[in-house]
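The structure appears right after this line, and notes come after that.
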Amino acid sequence: MPTVINSHLLTCRKDIPAWLKACGYGRLAEVGVREGDHLKTWADPTVRLLIGVDLWANDGVLSHNDKSFSQERMDEMFNSLRRWGDAQTFDVQLLRGPSARMAECICREELDFVYIDADHTYEAVKADIAAWWPKVRVGGTIGGHDYVKRTLPNGVSFGVIQAVTEFAAGLGLTEPVWNTGGRPDQGKDHYASWFVTKTQ
């Protein structure tokens, strides 16, 4: 039994927009959006709320800005995405700041879906899951990107698998966490995504 509803629709990250629609999910958040390219693919007439969360800051922490974008570039990303959001017919909210702290702006069980793709270190992913899981309603889903073992050229090591595995164990899940890679070290989706649906 997979830990996510309609799992047969999820074979890679590009499947997420169609999967969201099939699930009837309309209150959505992405944590870690940069330019918002992925977030924008979720735009649909059925969406009621779309939240984008990012630090958009060159604060010197490599895991916050692994592409070494300048602050000017970060500001351009934020402003461009804000203009896009202002032009939508549904509610778009951009929360600029540390992702775990930004979760405090959201009511408990307000969201259908949260996708975590921010700082990929173990400590950060663990903190994001802890902060955002309570914001997901029963029947909703939490997930995230880069469910892989990887160390970036700048030395940042991904801790997504460890953080998600511990999270699943804490929930008492006995089946593997659904991920689009099949296996963390070998699968069809090179930068796999993971998903867990809240059942209670």
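Taken together, the values in this text are just the output of simple stated rules run on the coordinates, not laboratory data. Remember, predicted model here, so these are calculated numbers, not experimental data. Here Cβ is always computed from backbone atoms with ideal geometry, including for glycine, and neighbour counts include all displayed protein chains.
Points to keep in mind about this one:
- Just checking the listed ones, Gln93, Gln162, Gln71: in the Gaussian network model of the chain with Cα springs under 10 Å, the one fluctuating most is Gln71.
- Using the Cα coordinates of the range 37-79, the gyration tensor eigenvalues translate into equivalent-ellipsoid semi-axes of 26, 10, 9 Å, sorted from longest to shortest.
- Relative contact order (percent, whole number), the range 7-92, Cα cutoff 8 Å, 6+ residue spacing: 26
- Packing rank of 142-149, 104-111, where each peptide gets the mean count of other beta carbons within 10 Å, highest leading: 142-149, 104-111
- Taking all Cα pairs closer than 8 Å and separated by 6 or more residues, the relative contact order of the chain comes to 24 percent.
- Taking the alpha carbon gyration tensor of the range 7-197, multiplying each eigenvalue by 5 and rooting it gives semi-axes of 23, 21, 16 Å, largest first.
- Its DSSP H runs of at least 4 residues, each contributing -39,500 (n - 2.57), put the calculated 222 nm mean residue ellipticity of the chain at -8000 deg cm²/dmol, to the nearest 500.
- Rounded to 5, percent antiparallel among DSSP beta bridges of the chain: 30
- Extents of the range 109-195, largest first, come to 38, 24, 20 Å (Cα atoms, principal axes, whole angstrom).
- Radius of gyration (Cα atoms) of the range 62-145, expressed as a multiple of 2.2 N^0.38 Å: 1.19.
- For the chain, built as a Gaussian network whose Cα springs stay under 10 Å, the top-fluctuating residue of Trp133, Trp42, Trp84: Trp84
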